[in-house]
1. Quick check on my filter: what residues within the range 190-218 are modelled with pLDDT under 90 and among the aliphatic types (A, V, I, L, M)?
2. Being surrounded by fewer than 17 Cβ atoms within 10 Å (Cβ to Cβ), modelled with pLDDT under 90, farther than 30 Å from A200 by Cα and not polar (S, T, N, Q) is true for just one of V17, V54. Which residue is that?
3. Output the residues belonging to the range 294-320 that are within 15 Å of K399 (Cβ to Cβ) and within 16 Å of the ligand (Cβ to nearest atom).
4. Please indicate, with yes or no, whether at least one residue in the range 335-352 is under 29 Å from Y373 (Cα atoms), loosely packed, with under 13 Cβ neighbours inside 10 Å and within 16 Å of the ligand (Cβ to nearest atom).
5. For the range 360-380, indicate whether the set of residues that are closer than 22 Å to D293 by Cα, near the ligand (Cβ under 8 Å from one of its atoms) and out of contact with any Lys or Arg (no Cβ under 8 Å at 6 or more places or on another chain) is non-empty.
6. Does at least one position in the range 239-253 carry a residue that is more than 16 Å from the ligand (Cβ to nearest atom), out of contact with any strand residue (DSSP E or B) (no Cβ under 7 Å at 6 or more places or on another chain), under 18 Å from G389 (Cα atoms) and not hydrophobic (A, V, I, L, M, F, W, C)?
7. Would you confirm whether or not the range 290-300 contains a residue that is under 29 Å from F420 (Cα atoms) and not hydrophobic (A, V, I, L, M, F, W, C)?
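The values are calculated or read from the model by the stated rules, or taken from the named source; none is laboratory data. Here the structure is a predicted model, which means the values were calculated and not measured. With ideal geometry, Cβ positions are generated from the backbone for all residues, glycine too; neighbour counts draw on all protein chains shown.
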Amino acid sequence: MKRKYLRLVILFAAITVIGVFSFQLFWVNKAYNLEEKQFNERVHVALSNVVREVQQLNQDSSALYEPVKQISSNYFLASTNDTLHPYLLENMLSQEFQARNLTLPFEFILYDCFTDSIVFGNVVNLEKEAKNVVRQTSNRERWNKASHYFGVYFPQKDLYLVDDMGIWIGSTIFLLLVVAFFSYTIWVIVKQKRLSEVRADFINNMTHELKTPISTIALSTEVLSNPNISQDPERLKNYANIIKEESERLKKQVDKVLQMASLDEKRVELNVEEVNLHDIVNKTVTGFRLILDANEGEVITDLKANNPVIKGDPTHLTNILFNLVDNAIKYCERQPRVEISTENHKNGIRLRVRDNGIGMSREEQKHVFEKFYRVPKGDQHDVKGFGIGLNYVLKMVKKHGGKIQLKSEPKSGSTFRIYFPKSKS
Ligand code: ADP
């Protein structure tokens with residue numbers, strides 16, 4: 001699938017998900033509002049009934065104008081015009097609410113209408129208290145405080161309403177799960193797509209990297225097989241050198257692919273022995289002498305670590321350093337200057353490889369340790385590689401129980417810091 005189509009598919013998928021979610025939100029909101037409206041109506045009727053009962057008890061025939069008022073979403077006021085006993089009120093309220101299936105905790109407060117002060121307040125939990133076992137009393141009991149209106153407050157109204165919306169919550173959870181799976185699928189597709197692109201790049205690179213030296217060697221051997229060549233020893237030497245250099249290049253590439261292939265087997269066994277890191281550094285630097293001379297570059301070593309012996313596999317440790325120095329020289333557009341230093345750090349050794357190369361942006365740094373990743377350079381294919389060197393370095397450092405850090409800035413250079421513990425943990 002082309003990148004453009006994939007982007008379109010993702011865009012449409014995102015729009016669909018947002019659309020479905022908006023509809024779900026709209027319906028959930030509508031259902032909640034309806035639920036709330038019904039709740040308010042039931043409370044209103046219950047409180048109106050209580051007011052009427054109180055009036056009947058007091059043989060009060062006066063007509064009350066709007067005796068029940070909703071003050072806020074969960075607070076209602078009811079005026080009775082008559083003094084009433086709080087226990088009787090509690091009894092009436094409980095019975096009315098239960099009759100309307102309003103079994104949630106409520107608080108009721110009796111007010112004195114002359115001073116607007118609270119004369120009684122209580123919390124009733126209808127869910128916990130046994131139904132119908134509310135305090136039995138009558139209005140004839142002594143209650144000598146004036147109380148002409150009362151308030152009822154439902155602290156858990158929202159929770160009660162949400163509780164009643166089980167089906168909506170269930171469907172929202174299912175929708176969320178569908179979205180989660182959907183997003184995961186898209187993520188896998190994008191990842192697979194990147195991987196297949198990266199793989200295609202790798203195959204292209206490898207074909208080029210392996211084919212070029214082979215064809216150069218083939219051409220040179222053709223020239224060398226000419227019987228007249230023995231009369232021109234200078235030319236003969238030249239072609240022999242070309243074959244040597246190209247076969248060395250070929251060996252290097254094959255080694256890199258083999259390094260990676262061996263890592264893929266997952267069961268790479270390290271041949272652990274006591275290794276002197278300084279010896280490895282010196283040996284690697286010597287190996288690069290020729291290339292550096294050709295580039296007029298230099299490697300500066302500053303080996304400060306005392307007792308630089310660690311437990312590790314000398315072949316892999318050499319490869320790690322080789323890859324880092326090789327990159328430092330490869331990705332440099334001026335005279336390469338590579339600094340290698342060591343120091344003791346937290347019961348181990350810290351190795352630092354610093355270069356004055358082209359550096360990497362933050363985004364690129366996030367990916368350079370991934371397998372087959374190469375910093376995109378548009379159509380420029382001046383520096384060849386497979387994108388496996390740093391992945392190998394990372395895996396091997398970890399295998400030695402170490403850690404690797406990269407600091408880099410475009411155009412200023414990069415620094416790789418590796419920590420090796422003294423004994424592999
Ligand atoms: P390769 O060099 O074979 O492409 P690597 O895994 O060694 O693969 O490196 C991955 C990418 O990281 C390279 O393509 C390069 O763009 C970038 N890179 C690695 N080392 C350096 C460095 N020292 N300076 C700048 N860029 C680097």
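1. Matches in the range 190-218: V190, L195, V198, A200, I203, M206, L210.
2. Details: V54 fails: surrounded by fewer than 17 Cβ atoms within 10 Å (Cβ to Cβ).
Selected residue: V17, the only one of V17, V54 that is surrounded by fewer than 17 Cβ atoms within 10 Å (Cβ to Cβ), modelled with pLDDT under 90, farther than 30 Å from A200 by Cα and not polar (S, T, N, Q).
3. Taking the range 294-320 and keeping what is within 15 Å of K399 (Cβ to Cβ), we get 310-320.
Those that are within 15 Å of K399 (Cβ to Cβ) and within 16 Å of the ligand (Cβ to nearest atom): H316, T318, N319, I320.
4. First, pick out the residues of the range 335-352 that are under 29 Å from Y373 (Cα atoms): 335-342, 349-352.
Filter once more, so that each one left must be loosely packed, with under 13 Cβ neighbours inside 10 Å: 335.
Still in the list and also within 16 Å of the ligand (Cβ to nearest atom): 335.
Yes, because at least one residue in the range 335-352 is under 29 Å from Y373 (Cα atoms), loosely packed, with under 13 Cβ neighbours inside 10 Å and within 16 Å of the ligand (Cβ to nearest atom).
5. Taking the range 360-380 first, the residues closer than 22 Å to D293 by Cα are none.
No, the conditions are met nowhere in the range 360-380.
6. Pass one, the range 239-253, residues more than 16 Å from the ligand (Cβ to nearest atom): 239-248.
Filter once more, keeping what is out of contact with any strand residue (DSSP E or B) (no Cβ under 7 Å at 6 or more places or on another chain): 239-248.
Checking which are under 18 Å from G389 (Cα atoms) leaves us with 248.
Now narrow it down to the ones that are not hydrophobic (A, V, I, L, M, F, W, C): 248.
Yes, some residue in the range 239-253 is more than 16 Å from the ligand (Cβ to nearest atom), out of contact with any strand residue (DSSP E or B) (no Cβ under 7 Å at 6 or more places or on another chain), under 18 Å from G389 (Cα atoms) and not hydrophobic (A, V, I, L, M, F, W, C).
7. For the range 290-300, residues under 29 Å from F420 (Cα atoms) and not hydrophobic (A, V, I, L, M, F, W, C): present.
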